[in-house]
Amino acid sequence: MIHTSLRRTRAAVAVALTGVLATGCTLFAGDDEQPGGPTKVTLVTHQSWAVPPEVLEAFEQQSGIDLVVRQEGDAGELTNKLVLTKANPIADVAYGVDSTFASRALAEGVFASYTSPEADRGPQRYAIDSEHRLSAVDLGDVCVNIDTTWFAEQDIPEPETFEDLTDPRYRDLLVVENPATSSPGLAFLLATVTEYGADGWQKYWAELKDNGVKSVSGWTEAYTQEFSGSSGAGPRPIVVSYASSPAAEIGEDGKPRTSALLDTCYRQVEYAGVLEGSDQKEEAGRVIDFLLSQQFQATVAENMYVYPAREGVDLPAGWAEVAPLPQDPAALPGERVEAGREGWIEQWRALGI
């Protein structure tokens, strides 16, 4: 979940949409009103879903679709629910299954094939399925974040790498999310598997445990309650969060109070797909088109603190300086994640962190 409490509606988008609607211009493909009233389509997504009302209303008015949004926890919870209900799906389309869980959803046959006409504008760069069952909507790399103000005040050097986190200077300073219950927690676990290999990551985590790492159930608790650099002003100045998180922590001087350690990042892509069990696949496909459209993509950074998957979408002012997209994040192939995920989680649990 990415900065749910810190999203803001983009006034520029609202103004632009107002002007477009006033002139009767078309924003989305296939936007003829359907006879007999709008068609209801249900979108199930994670709790971090946020879109300016004007953008959603413009899509509904021009597509003839009444989009009902249902929010179901984080990416892990969402994926589990989609798998358990695939025979009697809870929605027509889903958004928010990420690259750490996508392989499970695909293996379980949750999604139907659909290729959006918008996919060739950039989302295909993150394609993971030859059958086109999932379309990339955004990416939000998981990285270790630090409270730079805390380190300056304590006159302690800022950590930079995975290895630094095991240094006694940083004892009792790190909080992470449980990989069994949290998407960023799982991404960080996968990052350590990538860094230390299948034979070395457990030793690394044992060293983190000896150095006082704390594990909590999810991102909200870790970032807003335990992390000293957030509004919650918790006791720990090191947290697993996102590369974009510093953009939400700009002080009155215009500078971020936190920073992301870009050498610790793991690439996390969020996808959307038409549910196989839906009886409204055509309309659900038009929702996918909407999520990949320029209009929706222009809102994701400001409202959900993620990077758009579509090429040519401007980021908010200052992001290039305070929240740059990592250039060389870690990532594991989906099939390796699928094969190793449950075993790695059980091994992590056995460490007693």
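The values are calculated or read from the model by the stated rules, or taken from the named source; none is laboratory data. The structure presented is a predicted model; accordingly, all values stated were derived computationally and were not measured. Ideal geometry is used to build each Cβ from the backbone, glycine not excepted, and the neighbour counts take in all protein chains shown. When the accessible area is computed, the model is the full protein with side chains, heavy atoms only, and any ligands, DNA or RNA have been set aside. Shrake-Rupley method; radii C 1.70, N 1.55, O 1.52, S 1.80 Å.
Normalised by the number of residues in the stretch 200-326, the mean separation of alpha-carbon contacts (under 8 Å, six or more apart) gives a relative contact order of 20 percent.
Shape call for the stretch 122-262 from the C-alpha gyration tensor, a ≥ b ≥ c root eigenvalues: rounded (a/c under 1.5), prolate (a/b greater than b/c) or oblate? The shape class here is oblate. Close amide H partners of Glu72, meaning residues 5 or more places away or on another chain with modelled amide H under 5 Å apart, are Thr45, His46, Gln47. When the helices of the chain are scored as -39500 (n - 2.57) per DSSP H run of n ≥ 4 and the total is divided over every residue, the value at 222 nm lands at -9500 deg cm²/dmol.
Taking all Cα pairs closer than 8 Å and separated by 6 or more residues, the relative contact order of the stretch 281-353 comes to 17 percent. One chain, two ends: Thr39 and Ser217. Fully extended at 0.36 nm per residue, the span grows by 60.3 nm beyond their Cα-Cα distance. Counting only residues at least eight positions apart within a chain, or on another chain, the lysines with an alpha carbon under 27 Å from that of Lys40 are Lys81, Lys86, Lys281.
The H on the amide N of Ser215, modeled in the peptide plane, is under 5 Å from the matching H of Val176, each at least 5 residues off or on a different chain.
Taking θ as phi - 60° and the Karplus parameters 6.51, -1.76 and 1.60, the scalar couplings of the stretch 115-131 work out to 10, 6, x, 8, 5, 7, 8, x, x, 5, 4, 10, 5, 10, 9, 5, 8 Hz in sequence order, x denoting glycine and proline.
By its C-alpha gyration tensor, with a ≥ b ≥ c as the square roots of the eigenvalues, how is the stretch 193-302 shaped: rounded for a/c under 1.5, else prolate for a/b larger than b/c, else oblate? Oblate, because a/c is 1.5 or more while a/b does not exceed b/c. Determine, from the Cβ-Cβ distance of Glu335 and Glu311 and an R0 of 30 Å, the FRET efficiency 1/(1 + (r/R0)^6), rounded to the nearest 0.05. Efficiency for this residue pair is about 0.65. In this structure, the amide hydrogen of Phe101, modeled 1.01 Å from its nitrogen in the peptide plane, lies closer than 5 angstrom to no residue at least 5 positions away or on a different chain. Using alpha carbons only, the radius of gyration of the stretch 68-156 set against its Kirkwood radius gives Rg/Rh = 1.14.
Considered as an equivalent ellipsoid built on the Cα gyration tensor, the chain has semi-axes of 36, 24, 15 Å, the largest given first. Rounded to the nearest 10 degrees, the angle from helix 281-292 to the longest Cα principal axis of the chain is 50 degrees.
Here the contact order of the chain, divided by its residue count and restricted to Cα pairs under 8 Å and six or more residues apart, works out to 26 percent. Peptides 247-253, 129-135 ranked from most to least packed by the mean count of surrounding Cβ atoms within 10 Å: 129-135, 247-253. Let me make sure I get this right: for the stretch 229-353, a, b and c are the square roots of the gyration tensor eigenvalues over alpha carbons, sorted descending. Under 1.5 in a/c it's rounded, otherwise prolate if a/b > b/c, else oblate. Which is it? Because a/c hits 1.5 or more and a/b fails to exceed b/c, the stretch 229-353 counts as oblate. For the stretch 316-321, putting each phi into the Karplus relation 6.51 cos²θ - 1.76 cosθ + 1.60 with θ = phi - 60° gives couplings of x, 4, x, 4, 4, 8 Hz, in residue order, rounded to whole numbers and with x for Gly and Pro. Computed with a 1.4 Å probe over protein heavy atoms only, the accessible surface of the stretch 53-191 comes to 38 Å² per residue.
Between helix 75-84 and the chain, what is the angle of the helix's C-alpha long axis to the longest principal axis, kept within 0 to 90° and rounded to the nearest 10? Here the helix axis deviates by roughly 60 degrees. Whole Å is fine, so just give me how far the alpha carbon centre of the stretch 72-104 lies from that of the stretch 145-193. Centre-to-centre distance over Cα atoms comes out at 29 Å.
Here the label points at Ala180 and Val83, each 7 Å from Cα along the C-beta direction, are separated by 1.5 nm in the simple model. Between Val69 and Asp167, residue separation times 0.36 nm minus the direct Cα-Cα distance comes to 30.8 nm.
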